[in-house]
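**Q** A single structure is presented below for examination.
The values are calculated or read from the model by the stated rules, or taken from the named source; none is laboratory data. Predicted model only: the values in this text are computed from it and were never measured. Ideal geometry is used to build each Cβ from the backbone, glycine not excepted, and the neighbour counts take in all protein chains shown.
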Amino acid sequence: MTESPLTLAGDFDAPSRQDWETEVLRVLNRRRPEGKELSIEQAMKRLTTTTVDGLAIDPLYTRDDRDLGHPGVTPFTRGASLRTGAIHAWDITQLHEDPDAAFSNAAVLADLTRGATSLWLRVDPDAIAAADVAGVLAGVFPELARLRVSSRTDQDAAARALAAFWRASGKADQVGGNLGLDALGHAALTGEPPEFGPQREWVGTTLTEFGKARAIAVDSLVYDDAGAGDVDVLAFAIASGVEYLRDLEATGIAPAEAFRTIAFRVPANADQFMTIARLRALRRLWARVGEVSGVPAGARGAVQLAVTSWRMITRDDPWVNLLRGTIATFAAAAGGAESITVLPHDTAWGLPTDFSRRMARNIQLLAAEESNLGRVADPAGGSWYVESLTDQLAGRAWARFGEIEAAGGMTAALADGRVAEWIDATVAARGVRLANRRQPITGVSMFPAVNETPLDVRPRPESPVFGGLAPRRDSEVFEGLRDRVAAADPQPQVFLACLGARRDFGPREQFTANVLQVAGIGHPSSEGGTASEIVAQVRATGARIVILCSSAKVYAAQAIEVASALKDAGVATVLIAGRRTETGADNAAEVIDGEIFDGMDVAGFLAGTLDELGVDR
């Protein structure tokens, strides 16, 4: 201890925004010619990022004078409850969907004895059978572990199976969890009209028999899996919840009672700050719904079950999924989720193994028990970046919710194809970012692993085919390219003609090789040499496509000569890593067929290359 407090940075003057802008302009204008310097407005525009949803991310955020409110009080932006410092501030919820009942029961008990506090069973023909639910849960004390079910095919059967287990335990008034009803989510997946009848009955049953449990889980995962953006995920969740409130009120269940039976299943992904803002914004929106519905202020908080996004999971280089799951877990916990489920890293390969379930469980245990993350209420509160994202998300989602209401509600928006159109527009915009790697996927579209060893997992049973929103993972377009190459015989290859010394061609050779490795295309290369020597090496490999790699200085001296020699030797396509203008030749476009550069459509280029090489789709 010292007599005077420690003042970090106390010996430095506090910089002003003007000071910061001066430094920004100094950096951005460093190499610009006199008279062509950027203004601060132009610089800010260049430094501002726009998300696929149209949200603006500024380069600098500063303190403002808003009232941030407090955790545990309306509008619940900062948390639906006040954390009291407990280690386990959220449910560590493990998902089980293995159809082998004995195997699943052993896995369930292992999870509960090794740190999990809650269970989620998927009840479907390709997962756990409704008749096996009791067997899978044998040995589980439902008054100690929250239990949740969901189903893509028969939500009523899944609810009946869990309710029967609760009743048989003799502790029905003490159990917690969720029966997994979501008529609109089911309709979105299957393309069939929603059936509210069973849901109404289960809400009534829950209120009378299972007072600590909830009947409805508004599942926004179905929209996230299909490619919906953050704004639409929130809007669809709120619109579904409002439709349920109206439907239940028509049967005599007041909104205040209905609020007690509704929870939200929300995606958490590797966009850390967006995930935090998504959870905070949903609570704010749902609190507003509760306010206009007459729900008492203290009961308006949204209970959120965060699940790491299936759409962000990759098949290739699956170990990176552990990092994605870790970031998503941190974000979900910092965002105040009441329950978190981490999908195992081998999810895209097949059924999880003991090891992958252990890793998924321990990611949460590390965050809760070793990092003490759960002891802090709203750790992101007061981050002006997070506050801005929360405001933008809430405002735009509320506007979209208004469009849905104007169209007649969520049922009508699903039926007339409006929801699918919005999602398709986002998927198309995101597809451009994925293809040109503005939205990179580590281990897949960037820094792909070479000669991966397939994971040893049991395959998943064949799943039913649905007629509604189709799920799609972000990495599928690149995985499809890898599959084409893996099935090809002989293996496709593109020759890299590296001109000059390694200091000249090294960076562009590395960049080009990385692009080709995204699809697994082989890339033999030459290093230096004359045009005739390079032609001889290309002929020895039989390559039909050659990419020149070097610096602008070397291109100006050698590129046209080498490219012309390759074309005369019968090479079908000659490309250049960089720009044709670097050759300084007027006829560059006549002998060099295309360019490889940062920001290009990598997915399109690779698909076209495989087509040219005759690789089957």
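**Q** With modelled with pLDDT of 95 or more and more than 27 Å from the chain's Cα centre (by Cα) as the only criterion, which of Ala531, Ala470, Ala435, Ala519 stands out?
**A** On the way: Ala470 fails: more than 27 Å from the chain's Cα centre (by Cα); Ala435 fails: more than 27 Å from the chain's Cα centre (by Cα); Ala519 fails: more than 27 Å from the chain's Cα centre (by Cα).
Result: Ala531 is the single residue among Ala531, Ala470, Ala435, Ala519 that is modelled with pLDDT of 95 or more and more than 27 Å from the chain's Cα centre (by Cα).
**Q** Another question about this same structure. Taking into account only those residues within segment 360-395 that are touching a helix residue (DSSP H, G or I) at 6+ places or on another chain (Cβ under 6 Å) and outside any helix (DSSP H, G or I), which is surrounded by the fewest Cβ atoms within 10 Å (Cβ to Cβ)?
**A** So the residue we want is Pro379.
Residues are listed down the side, and each one gets a yes or a no for (1) under 25 Å from Gly211 (Cβ atoms); (2) more than 28 Å from the chain's Cα centre (by Cα):
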site	(1), (2)
Phe103	no, yes
Val123	yes, no
Arg148	yes, no
Pro194	no, no
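**Q** Okay, moving on. Scanning for something farther than 23 Å from Asp230 by Cβ, in a loop (DSSP other than H, G, I, E, B), at pLDDT 95 or above and touching a Ser or Thr at 6+ places or on another chain (Cβ under 7 Å), does segment 68-80 turn up at least one residue?
**A** No, that holds for no residue.
**Q** I'd like the full set of residues that are within 17 Å of Gln94 (Cα to Cα) and either out of contact with any helix residue (DSSP H, G or I) (no Cβ under 7 Å at 6 or more places or on another chain) or buried (at least 23 other Cβ atoms within 10 Å of the Cβ) (or both), limited to segment 144-157.
**A** Going through segment 144-157, the residues within 17 Å of Gln94 (Cα to Cα) turn out to be 144-151.
Correct list: Leu144, Arg146, Leu147, Arg148, Val149, Ser150, Ser151.
**Q** Now, a different point. Looking at (1) at positive phi; (2) assigned by TED's automatic domain parsing to the domain that holds Ala281; (3) modelled with pLDDT of 95 or more, which is the one condition that is false for Gln392?
**A** (1)
**Q** Can I ask one more? Would you confirm, using the coordinates I've provided, whether Arg418 is out of contact with any Phe, Trp or Tyr (no Cβ under 6 Å at 6 or more places or on another chain), of a type in the set (Lys, Arg) and assigned by TED's automatic domain parsing to the domain that holds Ala337?
**A** Working: out of contact with any Phe, Trp or Tyr (no Cβ under 6 Å at 6 or more places or on another chain): yes; of a type in the set (Lys, Arg): yes; assigned by TED's automatic domain parsing to the domain that holds Ala337: no.
So Arg418 fails the test.
**Q** For Gly35, are the conditions met, namely being in contact (Cβ under 8 Å) with a residue 40 or more places away in the chain, in a loop (DSSP other than H, G, I, E, B) and out of contact with any Ser or Thr (no Cβ under 7 Å at 6 or more places or on another chain)?
**A** In short, no.
**Q** Can I ask one more? Does Thr22 qualify as being among the hydroxyl-bearing types (Ser, Thr, Tyr), under 30 Å from Thr275 (Cβ atoms) and within 37 Å of the chain's Cα centre (by Cα)?
**A** Working: among the hydroxyl-bearing types (Ser, Thr, Tyr): yes; under 30 Å from Thr275 (Cβ atoms): no; within 37 Å of the chain's Cα centre (by Cα): yes.
Judged against the criteria, Thr22 is not a match.
**Q** On to the next question. Do we find that Thr62 is closer than 30 Å to Trp286 by Cβ and in contact (Cβ under 8 Å) with a residue 60 or more places away in the chain in this structure? Break it down into steps so the answer makes sense when it comes.
**A** Details: closer than 30 Å to Trp286 by Cβ: yes; in contact (Cβ under 8 Å) with a residue 60 or more places away in the chain: yes.
So Thr62 fits the description; yes.
**Q** If you don't mind, there's one more thing I want to ask. Return the residues of segment 448-464 that are of a type in the set (A, V, I, L, M, F, W, C) and touching a helix residue (DSSP H, G or I) at 6+ places or on another chain (Cβ under 7 Å); say none if nothing qualifies. Spell out how you get there, then give the answer.
**A** Applying the first criterion (of a type in the set (A, V, I, L, M, F, W, C)) to segment 448-464 yields 449-450, 455, 457.
Correct list: Val450 only.
**Q** Among the residues of segment 562-589, what is the count of those that are loosely packed, with under 15 Cβ neighbours inside 10 Å and without any contact (Cβ under 8 Å) to a residue 40 or more places away in the chain? Give the steps one after another, and end with the answer.
**A** Kept after step one, since they are loosely packed, with under 15 Cβ neighbours inside 10 Å, are these residues of segment 562-589: 568, 570, 572, 579, 581, 584, 586-587, 589.
Then keep just the ones that are without any contact (Cβ under 8 Å) to a residue 40 or more places away in the chain; that gives 568, 570, 579, 581, 584, 586-587, 589.
Counting residues in segment 562-589 that are loosely packed, with under 15 Cβ neighbours inside 10 Å and without any contact (Cβ under 8 Å) to a residue 40 or more places away in the chain gives 8.
**Q** With (1) touching a residue at least 40 places away in the same chain (Cβ under 8 Å); (2) under 36 Å from the mean Cα position of the chain (by Cα); (3) assigned to a helix (DSSP H, G or I) as the list, and Gly608 as the residue in question, which single condition is left unmet?
**A** Here Gly608 meets the rest and fails (1).
**Q** Kindly provide the set of residues from segment 440-459 that are assigned to a loop (DSSP other than H, G, I, E, B), touching a residue at least 40 places away in the same chain (Cβ under 8 Å) and under 18 Å from the mean Cα position of the chain (by Cα), ordered by number.
**A** Matches in segment 440-459: Ile441, Gly443, Val444, Ser445.
**Q** Next question. Here are some conditions: (1) surrounded by fewer than 18 Cβ atoms within 10 Å (Cβ to Cβ); (2) in contact (Cβ under 8 Å) with a residue 24 or more places away in the chain; (3) not assigned by TED's automatic domain parsing to the domain that holds Ala563. Val465 meets all but one. Which one does it not meet?
**A** The one condition Val465 does not meet is (2).
Table: residues versus (1) of a type in the set (A, V, I, L, M, F, W, C); (2) within 27 Å of Val386 (Cβ to Cβ); (3) modelled with pLDDT of 95 or more.
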residue: Trp202; (1), (2), (3): yes, no, yes
residue: Leu207; (1), (2), (3): yes, no, yes
residue: Arg214; (1), (2), (3): no, no, yes
residue: Ala239; (1), (2), (3): yes, yes, yes
residue: Leu245; (1), (2), (3): yes, no, yes
residue: Ala277; (1), (2), (3): yes, yes, yes
residue: Arg280; (1), (2), (3): no, yes, yes
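**Q** Related question: Report whether or not Glu338 is of a type in the set (Asp, Glu), under 17 Å from Trp90 (Cβ atoms) and either surrounded by fewer than 22 Cβ atoms within 10 Å (Cβ to Cβ) or in contact with a Pro (Cβ under 9 Å, 6 or more places away or on another chain) (or both). So that I can check it myself, show each step before the final result.
**A** Working: of a type in the set (Asp, Glu): yes; under 17 Å from Trp90 (Cβ atoms): yes; either surrounded by fewer than 22 Cβ atoms within 10 Å (Cβ to Cβ) or in contact with a Pro (Cβ under 9 Å, 6 or more places away or on another chain) (or both): no.
Against the criterion (of a type in the set (Asp, Glu), under 17 Å from Trp90 (Cβ atoms) and either surrounded by fewer than 22 Cβ atoms within 10 Å (Cβ to Cβ) or in contact with a Pro (Cβ under 9 Å, 6 or more places away or on another chain) (or both)), Glu338 does not qualify.
**Q** Please work out which one of (1) among the aromatic types (Phe, Trp, Tyr); (2) surrounded by fewer than 23 Cβ atoms within 10 Å (Cβ to Cβ); (3) part of a strand (DSSP E or B) is the condition Phe355 fails and give its number.
**A** The one condition Phe355 does not meet is (3).
**Q** Would it be correct to say that Ala258 is within 24 Å of Gly177 (Cβ to Cβ), in contact (Cβ under 8 Å) with a residue 24 or more places away in the chain and touching a strand residue (DSSP E or B) at 6+ places or on another chain (Cβ under 8 Å)?
**A** On the way: within 24 Å of Gly177 (Cβ to Cβ): yes; in contact (Cβ under 8 Å) with a residue 24 or more places away in the chain: yes; touching a strand residue (DSSP E or B) at 6+ places or on another chain (Cβ under 8 Å): no.
No; evaluated as a whole, the condition is false for this residue.
**Q** Further, regarding this structure: So for segment 187-194 (the condition being outside any helix (DSSP H, G or I), at pLDDT 95 or above and among the β-branched types (Val, Ile, Thr)), does at least one residue qualify? Even if it seems obvious, please write down each step before you answer.
**A** As a first pass, look at segment 187-194 and keep what is outside any helix (DSSP H, G or I): 191-194.
After this cut, where a residue has to be at pLDDT 95 or above as well, the list is 191-194.
Cutting the leftovers down to among the β-branched types (Val, Ile, Thr) gives us none.
Taking every residue of segment 187-194 in turn, none turns out to be outside any helix (DSSP H, G or I), at pLDDT 95 or above and among the β-branched types (Val, Ile, Thr).
**Q** May I ask you to list pairs of residues, at least six apart or on different chains, whose Cβ atoms are under 8 Å apart, with the first in segment 116-144 being at negative phi and in the same structural domain as Asp154 (by TED's automatic domain parsing) and the second being in a strand (DSSP E or B) and of a type in the set (Gly, Ala, Ser)?
**A** Sorted first by the residue in segment 116-144, then by its partner, the pairs are Ser118/Gly177; Ser118/Ser339; Trp120/Ser150; Leu121/Ser150; Arg122/Ser150; Val123/Ser150; Pro142/Gly177.
**Q** Please go through segment 590-605 and pick out each residue that is touching a residue at least 40 places away in the same chain (Cβ under 8 Å), in a helix (DSSP H, G or I) and surrounded by 14 or more Cβ atoms within 10 Å (Cβ to Cβ). Steps first, please.
**A** Quick first cut of segment 590-605, residues touching a residue at least 40 places away in the same chain (Cβ under 8 Å) only: 592, 596, 598-605.
With in a helix (DSSP H, G or I) added as a condition, the list becomes 602-605.
Residues satisfying the conditions are Val602, Ala603, Phe605.
**Q** Now for a separate question. Looking only at segment 88-104, which residues are surrounded by fewer than 19 Cβ atoms within 10 Å (Cβ to Cβ), of a type outside the set (A, V, I, L, M) and not in a loop (DSSP other than H, G, I, E, B)?
**A** The one that is surrounded by fewer than 19 Cβ atoms within 10 Å (Cβ to Cβ), of a type outside the set (A, V, I, L, M) and not in a loop (DSSP other than H, G, I, E, B): Phe103.
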